[in-house]
Amino acid sequence: MGTARLSGKRALITAGAGGIGLEMAGLFRDEGADVWICDVDDTALDATGGAYRKSRCDVSNESDVEALFAAIEAEWGGLDILVNNAGVAGPTAPVEAIAPEDWRRTIDVDLTGSFYCTRLAVPWLKVTGGSIVNMSSVAGRIGYPLRTPYAAAKWAVVGFTKSLAGELGPHGVRVNAILPGPVAGERIRAVFDARAVQLGVSPADVEAEYVEKVALRKLVTARDIAEMALFLCSDAGASISGQALSVCGGMESL
């Protein structure tokens, strides 16, 4: 059996109590990392048992994030890895029908939350020469009709990532973004349902339309995304920074 790829590393994964975040947490732990997860879902956090250190945190709330990092400092004194995974799907509607508060909420969670966490993690990462992984989306590469708040935030995450890579590279900190395609699970089911209502078709029709646009003709999985994150945070990704890496099965439209 090979050496654990994240042995001795301290990793924070936001929105780590479910979906992609929980898959990452389990994989990182299996590869030797100490993992801290945060989430807004108390029930999901409780369900993880004693596998991880954990905090309730809404990353769009600056005070929540400050409390999270104070707890990490008290217990660990620093970080080696930050995964900005937290995000919301936002509304599915024509732009003229989107409520300003829904726009703000999507931007606050999907973009500003990453800023709040990154600004506090960077002083530690400069010491450790660590790694940041930001979660964008294929919608941050090709756009997403009827999902403008989400797409706008995810494009901004890519710009944030590339700018940080240049800023932090001289300190040995790597920064990359992962751009998942539609990921099988409860969240994409909700997206299919909302889009079906907008288009006046069935959710099954929406799913078939999405899959038809994927070269591999399948949805990606949370494990696919977690494996990419592991690669980027491990020594295997030591020379990779400033990249927006699609894990989408070959998707060129939404």
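Bear in mind these aren't lab numbers, they're just calculated from the coordinates by the rules spelled out. Bear in mind that the values here come from a model prediction, so they are computed numbers and not experimental data. Cβ sites come from the backbone with ideal geometry, for glycine too, and all protein chains shown count toward neighbours.
Using the crude model of +1 on Lys and Arg Cβ and -1 on Asp and Glu Cβ, and no other charge, please compute the dipole size for the chain relative to its Cα centre, in debye to 20.
Here the chain has a charge dipole of around 640 debye.
Where does helix 186-199 land angle-wise versus the long Cα axis of the chain, in degrees 0 to 90, nearest 10?
Its long axis makes an angle of about 30 degrees.
What list of ³J(HN,Hα) couplings, whole Hz, do you get for segment 204-217 from phi and the Karplus terms 6.51, -1.76, 1.60, once you set θ to phi - 60° and write x for glycine and proline?
5, 5, 5, 4, 4, 5, 4, 4, 4, 8, 9, 4, 7, 6
Two decimals, Cα atoms only, Kirkwood Rh: what is Rg/Rh over segment 46-104?
So for segment 46-104, dividing Rg by the Kirkwood Rh gives 1.12.
Computed on alpha carbon atoms, what radius of gyration and Dmax characterise segment 139-254, expressed in Å?
15.9, 52
Identify which of Ser55, Ser239, Ser131 has the largest mean-square fluctuation in a Gaussian network model of the chain, with springs joining Cα atoms closer than 10 Å.
Ser239
Total Lys pairs in the chain closer than 21 Å by alpha-carbon, pairs eight or more apart in sequence or interchain only? Walk me through the numbers on the way to the answer.
Working: Lys9/Lys54; Lys9/Lys126; Lys126/Lys162; Lys154/Lys162; Lys154/Lys213.
So the count of such lysine pairs works out to 5.
If you plug each phi of segment 154-171 into the Karplus form 6.51 cos²θ - 1.76 cosθ + 1.60 with θ = phi - 60°, what whole-Hz ³J(HN,Hα) values come out, in order, with x for Gly and Pro?
Residue by residue, segment 154-171 yields 6, 5, 5, 4, 5, x, 4, 4, 5, 5, 5, 4, x, 6, 9, x, x, 9 Hz.
Would you please give the FRET efficiency between Val197 and Ala51, computed as 1/(1 + (r/R0)^6) with r the Cβ-Cβ distance and R0 = 41 Å, to the nearest 0.05?
Once rounded, the FRET efficiency stands at 0.65.
Between helix 222-233 and the chain, what is the angle of the helix's C-alpha long axis to the longest principal axis, kept within 0 to 90° and rounded to the nearest 10?
Between the helix axis and the principal axis of the chain, the angle is about 40 degrees.
Could you pull out every residue, at least 5 positions away or on a different chain, whose amide H is within less than 5 Å of the one on Ser55? Hs are placed 1.01 Å off N in the peptide plane, and Pro or chain starts have none.
Ile37, Cys38, Asp39
Do any cysteines in the chain lack another Cys Cβ under 4.7 Å, and if so which?
Cys117, Cys233, Cys248
Note the full-extension length gain between Ala208 and Thr221 as 0.36 nm times their separation in residues minus their Cα-Cα distance, in nm to one decimal.
Extending this stretch completely gives an extra 3.0 nm.
Can you list residues from other chains, or at least 5 along the same chain, whose modelled amide H is less than 5 Å from the amide H of Ser246?
Under 5 Å from the amide H of Ser246 lie the amide H atoms of Leu179, each far enough along the sequence or on another chain.
Which whole-number percent of Cα pairs in segment 1-46 have a distance greater than 16 Å?
Summing the P(r) of segment 1-46 above 16 Å gives 36 percent of all pairs.
Roughly how far apart, in whole Å, are the Cα centres of segment 1-70 and segment 89-108?
Using only Cα atoms to place each centre, the spacing works out to 28 Å.
Could you grab the Rg to Rh ratio for segment 6-92? Cα atoms only, Kirkwood for Rh. Working shown, then result.
Values: Rg = 12.4 Å, Rh = 13.0 Å.
Using only Cα positions, Rg/Rh for segment 6-92 is 0.96.
Check which residues have an amide H placed less than 5 Å from Lys9's amide H, if you skip close sequence neighbours.
The answer is Asp34.
Report, to the nearest 10°, how far helix 19-30 tilts away from the longest principal axis of the Cα atoms in the chain, using its own Cα long axis and a range of 0 to 90°.
30 degrees
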